Amino acid sequence: MFYSSSTNGFYSSDIHGDSVPADVVSITVEDWNSLLEGQSLGKKITADSDGKPILVEHVQPVEEK
């Protein structure tokens, strides 16, 4: 599995072949599953300073009245 910080998306060699963004980083299937699980629990997937995917608390903007 691969993750691209520029698209905030995941890519698979089996599906995408060599058609992936230039900034992809390799991640394990276990990491991918953990990220998706965290997202389903309300966290946000984003990239760290090295372009690797991490989970952060999802902060919703305060609506102005």
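The values are calculated or read from the model by the stated rules, or taken from the named source; none is laboratory data. Just so you know, these numbers come straight off a predicted model, no measurement behind them. A quick note on method: Cβ atoms are made from the backbone with ideal geometry, for glycine too, and the neighbour counts reach across all protein chains shown.
What are the residue pairs meeting all of these: first residue in segment 18-45, first residue closer than 16 Å to SER4 by Cβ, second residue in a helix (DSSP H, G or I), Cβ atoms under 7 Å, and 6 or more apart or on different chains?
Correct list of pairs: ILE45/LEU35; ILE45/GLN39.
Before we move on, is ASP23 at negative phi and modelled with pLDDT under 95? Working first, answer last.
Values: at negative phi: yes; modelled with pLDDT under 95: no.
Spelling it out, it is not the case that ASP23 is at negative phi and modelled with pLDDT under 95.
This table checks each residue for (1) of a type outside the set (D, E, K, R); (2) in contact with a Leu (Cβ under 9 Å, 6 or more places away or on another chain).
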| position | (1), (2) |
| --- | --- |
| SER4 | yes, no |
| ASN8 | yes, no |
| SER12 | yes, no |
| ILE15 | yes, no |
| SER34 | yes, yes |
| GLN39 | yes, yes |
| LYS44 | no, yes |
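For residues in segment 50-64 being in a strand (DSSP E or B) and among the β-branched types (Val, Ile, Thr), which is nearest to VAL29 (Cα to Cα)?
The selected residue is ILE54.
Just the residues that are among the hydroxyl-bearing types (Ser, Thr, Tyr) and in a loop (DSSP other than H, G, I, E, B), please, taken from segment 12-27.
Filtering segment 12-27 down to residues among the hydroxyl-bearing types (Ser, Thr, Tyr) leaves 12-13, 19, 26.
Answer for segment 12-27, where residues must be among the hydroxyl-bearing types (Ser, Thr, Tyr) and in a loop (DSSP other than H, G, I, E, B): SER12, SER19.
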